[in-house]
Amino acid sequence: MSREAGFVDRGALTDRLSRRLRRWVVGDPIGTPEAQVSYIHAGDSGRPSERLLRLALAAATHALDEDLSSISARMDREPHWPDIWPGEHYRFLAGLVHELQPRTVVEIGTYRGLSSLALAHRLPPLGRVITFDVAPWREVGGQALCDADLEGGRIVPVRADLTDPKVFEQHRDSLEQASLLFIDAAKDGAMEQRLLDLMETLRCREPLVVVFDDIRMWNMLGIWHRITRPKFDAGSLGHWTGTGMVEWVGAER
């Protein structure tokens, strides 16, 4: 979810500091510009369910055959992330939709619309992707979405901050109808916690799979660890920065 003007991007600030820490203190054993400081520990607060494991494997199998070149063609510069898999998550997201066949997908963090398009790629005929962001999608540079994508309600962009309890309540029905929720927002560790707290009040109408992007990034480590529901890091099948899958319905509260 992009930031509005005047807002301090804590995620970007922490990323810059972590890069300096790596260079000054721990060195750079690999020497790639994309490298970030990592943290490893034994055990976690949630174990994957059989359903999550089977879903991840099925999505990866579908991803092998996904062709998202039509989405990559909308990008004005390389790298063309939707074509990169594994390593990027776009084909894996399309694979999840292929397997789940959801009527409603909710995305939090529209940005350039690449994930919205990937999620919509394998929607069933009456399916829809409702994508939320705090910034108007048309004002984002390098935007891949166009007005034609919105025809028929297949992709529905909504400008809203779901971490505001009043706004969350306004969109509760859409969230409770969803069977797939993709969260790719601020990654500052604060926005996600506010959202998770509000999500505890959801009473979903069908089993819900929640997918978090970037769970291996420093600001997301604590968020991911504190989730006690059945969960699985599918980063090797999706995004190298971590693709976290959570089974939201039926887990302990």
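Going by amide H atoms built from the backbone, whose H comes under 5 Å of the H on I155, apart from near neighbours?
For I155, whose amide H was placed from the backbone, the distant partners under 5 Å are V129.
Take segment 29-94, drop everything but the C-alpha atoms, weight them equally and run the Debye formula without solvent; then report log10 I(q)/I(0) at 0.11, 0.23, 0.29 Å⁻¹ to two decimals.
-0.43, -0.99, -1.14
Accessible area per residue for segment 174-232 in Å², computed with a 1.4 Å probe and the full protein assembly in place, what is it?
35
Using the per-residue mean of other Cβ atoms lying within 10 Å as a proxy for protection, in what order, highest first, do the peptides 162-175, 117-130 fall?
For the peptides 162-175, 117-130, the packing ranking is 117-130, 162-175.
Explain nothing, just compute: Karplus ³J(HN,Hα) = 6.51 cos²θ - 1.76 cosθ + 1.60, θ = phi - 60°, for every residue of segment 179-189 in order, whole Hz, x for Gly and Pro.
Result, ordered by residue: 10, 9, 10, 10, 10, 9, 10, 5, 6, 9, x Hz.
Where only protein heavy atoms count, and the probe is 1.4 Å, what is the accessible area per residue for segment 52-167 in Å²?
Counting only protein heavy atoms, the per-residue value for segment 52-167 is 45 Å².
What's the carbon and sulfur percent of segment 56-105's accessible surface, probe 1.4 angstrom, rounded to a whole number?
C and S fraction of accessible area: 51 percent.
The values are calculated or read from the model by the stated rules, or taken from the named source; none is laboratory data. Given the structure is predicted, the values throughout are model-derived calculations rather than measurements. Here Cβ is always computed from backbone atoms with ideal geometry, including for glycine, and neighbour counts include all displayed protein chains. Calculation scope for accessible area: heavy atoms of the full protein, side chains included, ligands and nucleic acids excluded. Shrake-Rupley method; radii C 1.70, N 1.55, O 1.52, S 1.80 Å.
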